[in-house]
1. Using R₀ = 30 Å, calculate the FRET efficiency as 1/(1 + (r/R₀)^6) where r is the Cβ-Cβ separation of VAL24 and LYS72; round to 0.05.
2. How large is ³J(HN,Hα), in whole Hz, for each residue of the stretch 34-49 in order, when computed from phi with the Karplus curve 6.51 cos²θ - 1.76 cosθ + 1.60 and θ = phi - 60°, using x for Gly and Pro?
3. The list (i) 13.1; (ii) 14.7; (iii) 16.2 gives values of Kirkwood radius over Cα pairs in Å, and only one came from this structure; which label was calculated from it?
4. Among all the aspartates and glutamates, which ones have a C-alpha under 16 Å from LYS98's C-alpha, if same-chain residues fewer than 8 places away are not counted?
5. Run the dipole for the chain about the Cα centre, Lys and Arg Cβ at +1, Asp and Glu Cβ at -1, nothing else charged, and hand back the magnitude in debye, nearest 20.
6. Would you be so kind as to identify which of ALA10, PHE34, SER82 lies farthest towards the positive end of the dipole of the chain, taking Lys and Arg as +1 and Asp and Glu as -1 on Cβ and the Cα centre as origin?
7. Find how much the distance from ALA10 to PHE50 grows on full extension, using 0.36 nm per residue of separation minus their present alpha carbon separation; answer in nm with one decimal.
8. Computing the accessible area with a 1.4 Å probe over protein heavy atoms, can you report the carbon and sulfur percentage for the stretch 6-98?
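The values are calculated or read from the model by the stated rules, or taken from the named source; none is laboratory data. Since we're looking at a predicted model, the values are computed, not measured. Cβ: placed from backbone, ideal geometry, glycine included. Neighbour counts: every protein chain shown. Please note that ligands, DNA and RNA were not included when accessible areas were found on the heavy atoms of the full protein model with its side chains. Shrake-Rupley method; radii C 1.70, N 1.55, O 1.52, S 1.80 Å.
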Amino acid sequence: MKKLDVKHTAFHILIGVYFLWVAVITVLIGMTAFNEINHINSGVNEVFLFWILLNLFMGTAIFTVIRMFRNKTILNRIVLYSYVFVVGASAGVWYLVKA
C-alpha cells in the first residue's frame, strides 16, 4: 500500500469543496435570476445579491488556494473555466437586478 501524500489529498479535498461551492453559487444565481425575471419578490433580490457577493469572496479564496498548487492537469483548467463562468454569470445577474 502506498503512503498517503498529504499535499495530494489536500488538493483533492479543496477540489471537492470548490465544486460544492460551484453548485451552491449556481443555485443562488439561478434563484436570483428566476426571482427577478418573474417579479416574484423584489425585496429578496437584495439579500440574494449579498449572498452572491459573499459566496464570490469565499470562492475566490478557494480558487486562489487551488491555483497555489500549480497543478498542470485538465482539472486545473476545468476549475479556471468554471470560475470565470461563475464570475461572469454573477456579474450578469447583478446587472439584471440593478438595471
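1. 0.65
2. Running phi through 6.51 cos²θ - 1.76 cosθ + 1.60 with θ = phi - 60° gives 4, 5, 6, 5, 8, 6, 6, 8, 6, x, 6, 4, 5, 5, 4, 5 Hz.
3. Label (ii) holds the value from this structure.
4. Within the straight-line limit of under 16 Å, LYS98 reaches these aspartates and glutamates: GLU36, GLU46.
5. Its charge dipole is roughly 680 debye.
6. Final value for the positive-end residue is ALA10.
7. So the extension gain works out to 11.5 nm.
8. 75 percent
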